[in-house]
1. Taking the condition of being under 30 Å from Leu331 (Cα atoms) and part of a loop (DSSP other than H, G, I, E, B), how many residues in segment 265-297 meet it?
2. Mind telling me which of the residues Gly153, Gly203, Gly169 ends up being in a loop (DSSP other than H, G, I, E, B) and either outside the structural domain of Val69 (by TED's automatic domain parsing) or at pLDDT 95 or above (or both)?
3. Quickly run through segment 168-203 and pick out the residues that are under 16 Å from the mean Cα position of the chain (by Cα) and either surrounded by fewer than 18 Cβ atoms within 10 Å (Cβ to Cβ) or of a type in the set (D, E, K, R) (or both).
4. Would you confirm, using the coordinates I've provided, whether Leu79 is under 22 Å from the mean Cα position of the chain (by Cα), over 18 Å from Tyr247 (Cα atoms) and at pLDDT 95 or above?
5. So, in segment 284-311, how many residues would count as being touching a Gly at 6+ places or on another chain (Cβ under 9 Å) and surrounded by 15 or more Cβ atoms within 10 Å (Cβ to Cβ)?
6. I'd like the residue in segment 367-398 that is among the β-branched types (Val, Ile, Thr) and surrounded by 14 or more Cβ atoms within 10 Å (Cβ to Cβ) and, out of all such residues, is nearest to Glu130 (Cα to Cα).
7. Scan segment 266-277 and tell me whether some residue there is touching a residue at least 24 places away in the same chain (Cβ under 8 Å), in the same structural domain as Val311 (by TED's automatic domain parsing) and either more than 27 Å from Arg292 (Cβ to Cβ) or of a type in the set (Ser, Thr, Tyr) (or both).
8. Could you grab me the full set of residues in segment 213-234 that are closer than 24 Å to Ala99 by Cβ and among the acidic types (Asp, Glu)?
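The values are calculated or read from the model by the stated rules, or taken from the named source; none is laboratory data. As the structure is a computational prediction, the values presented were derived from the model and not from experiment. Note: ideal-geometry Cβ built from the backbone for every residue, glycine included; neighbour counts use all protein chains shown.
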Amino acid sequence: MTWQSLLNVARLGRSKSTAEELVSRSEFQRDFDRIVFSSAFRRMHGKTQVFPLPESDVTRTRLTHSLEVASVARSLGTLAGANLAAADHHVDGLGELAAAAALAHDLGNPPFGHSGEDAISGFFRSRNGERFLSGLSSEQKADFTSFEGNALGFRLLSRTRPLQSARPGGMRLTYATLAAFAKYPKPSLPVGRDKHASEKKFGFFQSEAGIFAEVAEQTGLIRKEEVQGWCRHPVAFLVEAADDICYRIIDFEDGYRLNLIPFDMIQKLLEEVISACGESINRDYVGQVKERQEQVGYLRARAINALIHAVAREFDANVDPIMAGRYDRSLLDGTGATGPLAEIKRATQEEIYTHRPVLQIEAAGFQVLGGLLTDFLSAAFESPRSKRSIKVLDLIPDIYKEDTLPRCSQYDVTMALVEYVASMTDTYAIDTYRTLRGIELPSY
């Protein structure tokens with residue numbers, strides 16, 4: 001791969017390939033701003049990161065998590081870009097590109113935390129859900145039975161609905177940002193190889209396969225015929241590392257804030273991360289901070305900073321195999337901090353992800369998302385449609401109506417309704433479920 005192609009600033013859906021001449025913002029800054037002002041980005045404020053939203057106002061939502069990941073990704077890209085520039089590579093804007101791709105990385109995640117994807121996949125694997133997939137190809141079925149938020153994110157970024165606009169290209173982001181966003185540049189089938197980081201999941205639905213092929217061609221990604229996909233854009237490794245750093249360290253900090261992780265444990269493990277990355281701690285500063293929560297905040301910041309520098313060094317040391325498509329693992333694996341990070345992951349799973357309110361909202365997600373999909377899909381495919389089905393479909397926003405008309409294919413109708421449900425916030429999904437089931441009527 002070449003950086004000239006990888007940093008392609010032409011925009012998806014535009015008739016001309018030249019960049020717009022604006023001195024106020026770079027093309028990647030424009031991408032960042034387009035994502036910030038999108039409705040899909042705003043909705044992440046109402047989506048659970050780990051803890052249920054009403055529990056505390058100091059823990060993260062998907063929105064704050066995404067902003068933090070973008071911040072870390074910008075630092076990683078800037079450091080990586082400086083190292084590449086020192087080696088005479090022309091890589092202007094690498095930090096801005098990484099920030100834009102990272103800002104959108106969770107855009108397609110459904111409501112109800114980490115289990116939202118499992119709830120949608122589980123519905124379509126059930127006897128109730130599989131009836132809506134009869135007649136689809138195996139590849140189309142896999143889009144639903146192995147539902148992936150990353151693929152929905154790419155759809156939200158790249159697809160324009162007919163009732164939204166006559167201009168194609170979705171948000172009309174640069175080819176470079178769309179490619180860097182793709183953590184898993186392959187379709188749902190064939191199944192990838194678990195030992196390869198880029199093949200553990202998939203990054204686009206069959207409905208956007210043609211769009212992704214265009215993005216891959218325009219950025220010069222290397223084809224991987226064995227999985228009918230492509231090698232990652234090098235910046236996607238930085239985006240993945242930024243996400244991993246944030247959810248490992250910050251979920252851990254949130255656990256401490258909610259009294260699920262003891263101070264001695266978080267202090268010990270964060271100090272081990274810092275030390276493993278070759279960094280030191282300012283003991284004089286720590287001694288001056290009296291409040292333990294502020295001490296944890298300092299250690300969290302130092303741990304993230306240490307990991308950023310360690311990941312940048314790992315990227316620099318492996319840039320040649322990355323560019324050749326021979327590197328396919330997490331950059332964190334080469335930082336030296338795998339031991340304490342694994343211990344943080346274990347503690348997080350045992351003490352945080354099994355916290356009762358977390359389990360409650362995840363369990364509710366299976367009921368709510370499955371119920372919404374049952375109601376909307378049943379109404380869409382009922383023939384002739386009953387008065388109830390007509391009223392249920394009338395609740396769907398107009399922008400999705402084009403894909404639920406009788407002339408549309410079964411796959412398109414199903415995908416449109418899944419996108420609608422998966423795009424809901426936690427509270428909106430619950431309210432809609434209660435209304436459809438007659439549990440609670442809207443207040444006038």
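1. 6
2. Gly203
3. Scanning segment 168-203 gives Lys183, Lys186, Glu199, Lys200, Lys201.
4. Criteria not met by Leu79.
5. Qualifying residue count, segment 284-311: 4.
6. Checking each candidate, the answer is Thr374.
7. No: zero hits.
8. Matches in segment 213-234: Glu214 only.
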